Amino acid sequence: MFSKVFNGLLILAISVFIIGCGGKDPQPNNGIVTFQIENQLNGQMLDLGATQGTTALGDTFEIGSLKMMLSNFKFYKDGALVFTETDSYHLIDQSDASTHNFTIEDIPVGDYDQIEFAIGVPQEDNNSSAQKGDLATNNGLFWAGWGNYIFYRFDGVLVQGDTTMSISYHVGGNEAFRTTSHDISNTELIITEGATSTVHIKGEVAELFTGADDIDIVAKRTVATEGPYMVSLANNYANGMFVVTKVTNP
C-alpha cells in the first residue's frame, strides 16, 4: 500500500515538475531583417544587356549576367558584436529578382549601429564541394576544376563604337574573400519583437573596376585565375561597391 502511494506521489511530483518547466515564460521574441540588394551601374538601376556603364578609365561596357555570394552577416552595437547569422550564405543573381531580397531571423531585440558582411565564402566552406542551398555547386558560382567557389561573377561585353568584345571577370578563391563594414549610426536598425525591419543595400557594379585599383578592361578582358588582377578586383568590391542607402524600422 505504501509503495503504491509513494509511486503515485512520485508520478504526481514529476508531472507537476514537467508542467512547471513547460509553463515557464519563453525566451523573449526576436526580430527579423529583410535585406534588399539593389545593383546599379553608374547610378542607374541595372538592366542586364541594356544598361551601359563606363569605367574610371573611360571604357564602355554592358553586363549580360551578374552573380555574387554575400555571407557572414553580423550585427553590432557600440563596437560590440551582438548577433551573427548561422549558415550565412545568400546568392544574388541579377537575372532572378527573387534572389534580390532575403531575410535574416532571430535577431535579438535592440538597436544596431553597424552591419558587417562578406563577399565570398570563407576558407572552411570554400574548399568543400558537399554543399546545398545557395552553396549548391550547380549554381553557376563553382569552379569544378579547382573545387572552390566564385564569389563575384561578371560576364558582359566591351563596347567600342559598333564593335563589342566579350569580357568576363570571375573572382574567387581564398585570396578574394573580403569583408565590408557599414556604419548605420545615423539611421539605426531597430529590432522589435516579432516585427520586420528592412535594410536597402546598393551595389554599384562600376566599382568593380575602380576604388582600390583601376582596371583596364581593354588590356585585361578576362580574369578567372588567381593572381594580381584577382586581388585587385576583390579589393575593389570591398572598397565602396556596397552602400547601405536606407533603413526602415517598423
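Residue-by-condition table, conditions (1) at pLDDT below 95; (2) under 27 Å from ARG221 (Cα atoms); (3) among the aromatic types (Phe, Trp, Tyr):
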{"residue": "ILE37", "(1), (2), (3)": "no, yes, no"}
{"residue": "SER65", "(1), (2), (3)": "no, yes, no"}
{"residue": "LEU70", "(1), (2), (3)": "no, yes, no"}
{"residue": "PHE102", "(1), (2), (3)": "no, no, yes"}
{"residue": "TYR112", "(1), (2), (3)": "no, no, yes"}
{"residue": "GLN131", "(1), (2), (3)": "yes, no, no"}
Would you mind listing the strands (runs of 3 or more DSSP E) fully within region 134-250 where at least 2 residues are surrounded by 18 or more Cβ atoms within 10 Å (Cβ to Cβ), among the small types (Gly, Ala, Ser) and touching a residue at least 24 places away in the same chain (Cβ under 8 Å)? 196-204
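To keep it simple, each residue is scored yes or no on (1) without any contact (Cβ under 8 Å) to a residue 12 or more places away in the chain; (2) under 10 Å from the mean Cα position of the chain (by Cα).
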residue: MET69; (1), (2): no, yes
residue: ALA80; (1), (2): yes, no
residue: THR86; (1), (2): yes, no
residue: PHE102; (1), (2): no, yes
residue: VAL109; (1), (2): no, no
residue: ASP113; (1), (2): no, no
residue: ILE119; (1), (2): no, yes
residue: PRO122; (1), (2): no, no
In region 233-245, is there at least one residue being touching a helix residue (DSSP H, G or I) at 6+ places or on another chain (Cβ under 8 Å), at pLDDT below 95 and under 24 Å from THR34 (Cβ atoms)? yes
Pick from region 201-250 the residues that are under 20 Å from THR99 (Cβ atoms) and aromatic (Phe, Trp, Tyr): which of them is farthest from the chain's Cα centre (by Cα)? TYR237
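Among the listed residues ALA80, ALA13, which satisfies the condition of being surrounded by fewer than 16 Cβ atoms within 10 Å (Cβ to Cβ) and either modelled with pLDDT of 95 or more or closer than 30 Å to THR163 by Cα (or both)? Before you say what the answer is, go through the steps one by one.
Values: ALA13 fails: either modelled with pLDDT of 95 or more or closer than 30 Å to THR163 by Cα (or both).
Only one candidate qualifies: ALA80.
Is it the case that region 154-162 has a residue that's among the aromatic types (Phe, Trp, Tyr) and within 18 Å of the chain's Cα centre (by Cα)?
Step one: filter region 154-162 for residues among the aromatic types (Phe, Trp, Tyr), giving 154.
Now restrict to residues that are within 18 Å of the chain's Cα centre (by Cα): 154.
Yes, some residue in region 154-162 is among the aromatic types (Phe, Trp, Tyr) and within 18 Å of the chain's Cα centre (by Cα).
The values are calculated or read from the model by the stated rules, or taken from the named source; none is laboratory data. In this text, all values refer to a predicted model and were calculated from it rather than measured experimentally. Ideal geometry is used to build each Cβ from the backbone, glycine not excepted, and the neighbour counts take in all protein chains shown.
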